[in-house]
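Heads up, the thing below is written out as structure tokens.
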Amino acid sequence: MKITQEEEVVDRQTVLHIELEDDDLAKYLDRGYRRVVQRTLIPGFRKGKAPRQIVEQYLGRESLLNEVLDSMLPEVTGLAITEKELDVVGLPRIELLDMDPVTMKATVPLKPEVRLGAYGDIMVVQDEVEVTEDEVGDRLEQLQHNMATWEPVDRPARMGDMVTAETVGTVEGAAFLDREDFVLFLDEDGTVPVPGFAQHVVDLGADERNEFDLVVPEDFRDPALAGKEVHFSVEVSEIKERILPELDDEFAKSVGDGYENLEALRQEVEKDLKAEAESNADQQSRETVMKTLLEETTIELPPLIVEHEIDHMEDQRARILGRLSIRQDDHLRSIGKTAEALRDEMREQAIERLNRTFVLNKVSEAEGLEVSDEELDEKIASMMSGSEVQAADEPVSNELRESIRGRLVADKTMDRLVSIAKGETTARSGAALDEATESPDAEEGERSDDAEA
């Protein structure tokens, strides 16, 4: 195998030119032969029994290689990368240039160059959180609304009512809404089906009809209606009023697992609000530290891994839409964007995600942070008990173990950064920090589908 590496490294990517000789091709030709011979009829031989030399003469060497190109190209590229001792991250881009001789070009993304800023100098001040009586009252009111009941009333509709109505909506002569039992919560600022609809239903009684026109705002979520004049015909069939329970001891006993009295519920609400506020404050501190560190750090990402990250994000979105039974083209129409425009928007987010990953890995190196096998096993057991991963009797793959380890290291690193920024601990100094700051290499952290550091 002849390997030539281009001297110039551009954007942390290097290019390999690979040419395979006959000895290199032997095992791939044999692999292709074993596939082809099972389905090829050659005169004078039973199916699957013709020797490779005969099959190769009958079909041609290229036919045998075409059978295994999908596995041969990345396999050969991997061998070339190993031979050249390249420090890579992500998948290379491979181009087949010729079949005789077999030659290819591989663009290989190298590990990003990360030059850390002085993360030991980052400071954050997190004020002590306080919960006001108004906040407690708002949460209790929210609980009231959650436990409200809806009762039919014999009066005209008001804002805040739940109305059932036969509703027909047309735009440019075509119906986009035609429901005999359209149920709508009348909200002053509601946008269903379009802004301003609820105001034309208020004051209608049961069996009363109203016809009206509305001009939909230009920035409406549905581009098929945005900026258009729509015509509605509405006939109310039922009006329901929300009945709130009394905020008393009996109400407290009905919430969740039940509380002894209203004061006990109030104390629990205050406790929950304080915990939420502290969690939000902690998250804000983490974001502040990360934002500052990213601003002070220089990172050179290979373009290929950015494209791979965008591909990964698109796959995630496709899976979510699939679970919701939403076609991708319908989704694009609903947000008024093309696939290309949406991909361009993802680019900035992909770069930020990758920057966070590589920065955290570099800090973990500088701080000497690791996750022991015992910590990893404990986390996996915890996840399994909560059914977050898989059934307890199924083995955990090495790939999944390392993914979980990567997340734990990232969490531990972020905790260390916040602790340093709050003055609770100090950053490691001296040779370890200098080496981590100046080294052009960075370990790639494991990527999580459901959460990012």
Length gained, Leu332-Glu8, 0.36 nm per residue minus C-alpha separation, equals 112.6 nm
Normalising by the residue count of the stretch 265-421, find the relative contact order in percent from Cα pairs under 8 Å and 6+ residues apart. 29
Count the net charge of all other residues whose Cβ sits under 9 Å from the Cβ of Val15, scoring Lys and Arg as +1 and Asp and Glu as -1. -1
Whole-number accessible area per residue in Å² for the stretch 170-302, which is evaluated in the context of all protein chains at 1.4 Å: 59
Within the accessible area of the chain (1.4 Å probe), percent carbon and sulfur: 45
Of the listed pairs Lys271/Lys412; Lys84/Lys111; Lys274/Lys422; Lys274/Lys379; Lys291/Lys412; Lys291/Lys422, those with alpha carbons more than 25 Å apart are Lys271/Lys412; Lys274/Lys379
Label-to-label distance, nm, for residues given as Lys84 and Asn261 (7 Å Cα→Cβ offset): 7.8
Pairwise Cα inverse-distance average, inverted: Kirkwood Rh of the stretch 134-224 (Å): 15.2
Please report the orientation-averaged projected area of the stretch 21-101, defined via the convex hull of its C-alpha atoms, in nm². 6.1
For a quick check: with amide H placed at 1.01 Å from N, whose amide H comes under 5 Å from Phe176's, ignoring anything fewer than 5 positions away on the same chain? Gly169, Thr170, Val171
Derived scalar couplings ³J(HN,Hα) [the stretch 401-410; Karplus, 6.51 cos²θ - 1.76 cosθ + 1.60; whole Hz; x for Gly, Pro]: 4, 5, 5, 5, 4, x, 5, 5, 5, 4
What does the highest-first list of 246-253, 61-68, 335-342 look like by mean Cβ count within 10 Å? 61-68, 246-253, 335-342
Relative to the chain, whose Cα atoms define the longest principal axis, helix 69-84 and its Cα axis are tilted in degrees, nearest 10, by 70
Calc'd 3J(HN,Hα), the stretch 192-197, phi into Karplus 6.51 cos²θ - 1.76 cosθ + 1.60 (θ = phi - 60°), Hz, glycine/Pro = x, comes to 10, x, 9, x, x, 5
Which value in deg cm²/dmol, rounded to the nearest 500, describes the helix-derived mean residue ellipticity at 222 nm for the chain, given -39,500 (n - 2.57) per DSSP H run of n ≥ 4 and division by the residue count? -15000 deg cm²/dmol
Between the modelled labels at Glu21 and Asp181 (7 Å from Cα along Cα→Cβ) the distance in nm is 7.8
Working out 0.36 nm times the residue gap between Asn66 and Thr149, then minus their Cα-Cα distance, what length gain in nm do you get to one decimal? 23.1 nm
Normalised alpha carbon radius of gyration of the chain [divisor 2.2 N^0.38 Å]: 1.41
Answer rounded, prolate or oblate for the stretch 275-394, using the Cα gyration tensor with square roots of eigenvalues a ≥ b ≥ c: rounded when a/c is under 1.5, else prolate when a/b is larger than b/c, else oblate. oblate
Check: the stretch 44-197 dipole with +1 on Lys, Arg Cβ and -1 on Asp, Glu Cβ, in debye: 1960
Between Gln283 and Arg347, how high is the FRET efficiency from 1/(1 + (r/R0)^6) when r is the Cβ-Cβ distance and R₀ = 30 Å? Nearest 0.05. 0.75
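The values are calculated or read from the model by the stated rules, or taken from the named source; none is laboratory data. Everything quoted here is computed from the prediction, not taken from an experiment. In this analysis, Cβ positions are derived from the backbone assuming ideal geometry, glycine residues included, and neighbour counts consider all displayed protein chains. All accessible areas refer to the heavy atoms of the entire protein, side chains included, with ligands and DNA or RNA removed. Shrake-Rupley method; radii C 1.70, N 1.55, O 1.52, S 1.80 Å.
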